[in-house]
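The values are calculated or read from the model by the stated rules, or taken from the named source; none is laboratory data. Here the structure is a predicted model, which means the values were calculated and not measured. Because the Cβ atoms are built from the backbone with ideal geometry, glycine has one as well, and the counts that use them run over all protein chains shown. Just so you know, the surface numbers come from the protein's heavy atoms only, side chains and all, with ligands and any DNA or RNA stripped out. Shrake-Rupley method; radii C 1.70, N 1.55, O 1.52, S 1.80 Å.
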Amino acid sequence: MVEIKTPGEIDAIHAAGRVVADVLAAARGYAAPGVTLAELDSAAREVLAKAGATSPFLHYKPDFAPIPYPAVICTSVNDAALHGIPGTYRLRAGDLLSVDAGATLDGWVGDAAISFSVGPPADGDATLIATTEAALRAGIAAAVPGAKIGDISAAIGAVGRAGGYGISTDLGGHGVGRTMHEDPHIPNRGKAGRGMRLVPGLVIAIEPWFMAGGSDDCYLDDDGWTVRTADGSRAAHAEHTIAVTSDGPRVLTSGD
């Protein structure tokens, strides 16, 4: 069931989204060679606590997961595309790190992700990250009243395919609001003109993630959470929570 939000509810989601932006900024600023992923998670917890927010990630347990998620952010390194659990791994120069974060504030949720290189980027990583960010912008631009979910999917997929990247449709964008995952599902490739029609008040997370090797295949790691590229190539992930409005898409997880 798709819930359409009021202008006041969208403002409340934006307040949560600002906390998400602060969490991601802290992770980017703290990440450096020698820093563990668990230390990034600790820094994120401090930002959430200072804002009076909680994490929708912590203790989240979808049907596929063998255990509740044990952290407040996802930290996915190199061939890990999504949902990497922060642990003892120490970042190295040249790592490609994706950080996914959420915040719940006054009962409303924001969700966003960034990817960046730790130190100088390895070959191809800067282009992979830039293309993923370009696909996010294209998906957001397509989120206007009267368009359809397929228009967002097609816009994202066109950018990814032009770059020669792999695109899985198993995990993608989704509705956001009172919980982190609401209807509708938004695949990262598809056909324009198909799916639900977009209306003002729809709040969704748009989140392209691309795999550098060109294969669309991925697999779930032994931890039951981390999604890895099947060919061992690197992956990048970018995400914003946005609202469809009569004035165009409104990004709710920016630092503005």
Mind giving me the nanometre distance, one decimal, between the label points for His181 and Ala230, set 7 Å out from Cα along Cα→Cβ? 2.1
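Can you tell me the dipole magnitude for segment 149-256 around its Cα centre, using point charges on the Cβ only (Lys, Arg +1; Asp, Glu -1), in Debye to the nearest 20?
Numbers: 9 positive and 14 negative charges, 94 e Å.
The calculated dipole for segment 149-256 is roughly 460 debye.
Counting only protein heavy atoms, what percent of the accessible surface of the chain is carbon or sulfur at a 1.4 Å probe? Walk me through the numbers before you get to the answer.
Details: 5520 of 10300 Å².
Exposed carbon and sulfur together represent 54 percent of the surface.
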List, in order, the whole-Hz ³J(HN,Hα) value for each residue of segment 30-40 obtained from phi through the Karplus relation with A = 6.51, B = -1.76, C = 1.60 and θ = phi - 60°; use x for Gly and Pro. 8, 5, 6, x, x, 7, 7, 5, 5, 5, 5
Once amide H atoms are built 1.01 Å from N in the peptide plane, which residues 5 or more positions from Leu198, or in another chain, come under 5 Å H to H? Gly146, Ala147, Lys148, Ile149
Run the helix sum for the chain: -39,500 (n - 2.57) per DSSP H stretch of 4+ residues, divided by residue count, reported at 222 nm to the nearest 500 deg cm²/dmol. -9000 deg cm²/dmol
Put a dot 7 Å past each Cα toward the Cβ at Ala32 and Asp170; how far apart are the dots in nm? 3.7
Could you work out how much longer the chain between Leu220 and Met196 gets when fully extended? Use 0.36 nm per residue separation minus the Cα distance between them, nm to one decimal. 5.7 nm
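Can you compute the charge dipole magnitude of the chain about its Cα centre, using +1 on each Lys and Arg Cβ and -1 on each Asp and Glu Cβ, nothing else charged? Give it in debye, rounded to the nearest 20.
Values: 19 positive and 30 negative charges, 93 e Å.
Using only the charged Cβ atoms, the result is roughly 440 debye.
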If you place +1 on the Cβ of every Lys and Arg, -1 on the Cβ of every Asp and Glu, and leave all else neutral, what size is the dipole of segment 1-54 about its Cα centre, to the nearest 20 Debye? 100
On full extension of the chain, what length is gained from Ala126 through Ser42, given 0.36 nm per residue of separation minus the C-alpha to C-alpha distance? 27.5 nm
Cα-projected label distance for Phe64 with Arg92, points at 7 Å along beta-carbon direction, nm: 2.8
Taking only protein heavy atoms and a 1.4 Å probe, what accessible area per residue, in Å², does the chain have with all protein chains in place? 40
Specify which labelled value, from [x] 17.1, 53; [y] 16.8, 49; [z] 22.0, 70, agrees with Rg and Dmax of the Cα atoms in Å derived from the coordinates of the model shown. [y]
